[in-house]
Amino acid sequence: MVQLVPSQDEVMEMLKKTGAFREGHFVYPSGKHTPNYFQMPLAFRYYDTARVLAVALSRLLRVEKDVSSVLPKVAVVSPGPGGIPVAFGVREALSAEQIYWAEREEGKRMFRQYINKGEINPCIIVDDIIRSGDAIRETVELVKELGARVIGCGTIVRFTDSIDKIDDDIPIKSLVEFDAKFFDTAEACAGCKKDTPAEHVRF
Ligand SMILES: [Zn+2]
């Protein structure tokens with residue numbers, strides 16, 4: 001029996017089991033080293049896991065009065081492809097009317113050109129993981145340019161040194177708050193000091 005909102009430990013257990021969270025010694029293309037690696041789409045390969053995570057996140061979002069008072073006239077918006085399964089799951093759990101997702105084209109985050117000003121409901125922005133918050137911030141700007149209001153924000157995992165709210169007063173809801181450890185250089189890296197073989201990864 002799954003609790004209404006699983007604990008952080010329970011969510012991390014799901015992420016480990018699906019391979020979405022790994023511990024070891026990893027090197028990003030940027031040259032940064034880290035002992036932790038998230039690859040969230042691995043958790044969303046499994047429908048049951050995806051559903052449990054999205055329903056849990058939807059419960060955190062629904063308790064916000066700004067959200068509950070306008071449902072179902074809400075758009076669930078993903079900053080990119082990673083958040084699309086989250087957006088579909090949250091939309092279903094909230095019975096919200098719309099889903100949109102942005103994409104990066106030529107280095108700029110944008111919606112497809114069929115989205116017209118004025119047609120987007122008040123928005124909840126959701127993602128699978130927030131590492132820096134840049135994607136969320138860019139999406140907030142995009143949504144506002146189209147004349148829509150942002151009323152909520154949620155993610156499965158949030159790195160604790162990223163943003164924790166948007167527009168100063170909208171809290172970012174998350175199932176896991178993760179203290180990610182990055183080392184800027186190999187000299188500073190704990191894994192390198194122990195001579196653990198490193199795996200080269202991308203986001
Ligand atoms: Zn290292």
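The values are calculated or read from the model by the stated rules, or taken from the named source; none is laboratory data. Every value quoted in this text rests on a predicted model; they were computed, and no experiment measured them. Every residue, glycine among them, receives a Cβ derived from its backbone with ideal geometry; neighbour counts consider all protein chains shown. For accessibility, only protein heavy atoms count, side chains too; no ligands or nucleic acids. Shrake-Rupley method; radii C 1.70, N 1.55, O 1.52, S 1.80 Å.
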*Return a yes/no flag: does region 22-35 have any residue that is closer than 22 Å to Arg131 by Cβ, within 17 Å of the chain's Cα centre (by Cα) and not acidic (Asp, Glu).*
no
*Which residues, taken from region 183-203, are of a type in the set (Lys, Arg), in a loop (DSSP other than H, G, I, E, B) and near the ligand (Cβ under 10 Å from one of its atoms)?*
Lys194
_If I ask for residues that are open to solvent by less than 20 Å² (accessible area, probe 1.4 Å) and over 26 Å from Met14 (Cβ atoms), which ones from region 171-196 would you list?_
Cys189
_Restricting to region 26-54, name every residue that is in contact with a Lys or Arg (Cβ under 8 Å, 6 or more places away or on another chain), open to solvent by less than 50 Å² (accessible area, probe 1.4 Å) and more than 19 Å from Thr155 (Cα to Cα)._
Tyr28, Thr34, Pro35
*The listed residue being touching a Phe, Trp or Tyr at 6+ places or on another chain (Cβ under 9 Å), surrounded by fewer than 20 Cβ atoms within 10 Å (Cβ to Cβ) and in a strand (DSSP E or B), out of Ile129, Ile99*: Ile99
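For every residue, the table says whether it meets (1) out of contact with any Asp or Glu (no Cβ under 6 Å at 6 or more places or on another chain); (2) within 21 Å of Ala96 (Cα to Cα).
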position	(1), (2)
Arg131	yes, no
Gly152	no, yes
Val157	yes, no
Ser162	yes, no
Pro171	yes, yes
Glu177	yes, no
Ala180	yes, no
Ala188	yes, no
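Residue check: is Thr139 part of a helix (DSSP H, G or I), among the polar types (S, T, N, Q) and either modelled with pLDDT under 95 or surrounded by 14 or more Cβ atoms within 10 Å (Cβ to Cβ) (or both)?
Working: part of a helix (DSSP H, G or I): yes; among the polar types (S, T, N, Q): yes; either modelled with pLDDT under 95 or surrounded by 14 or more Cβ atoms within 10 Å (Cβ to Cβ) (or both): yes.
Yes, satisfied.
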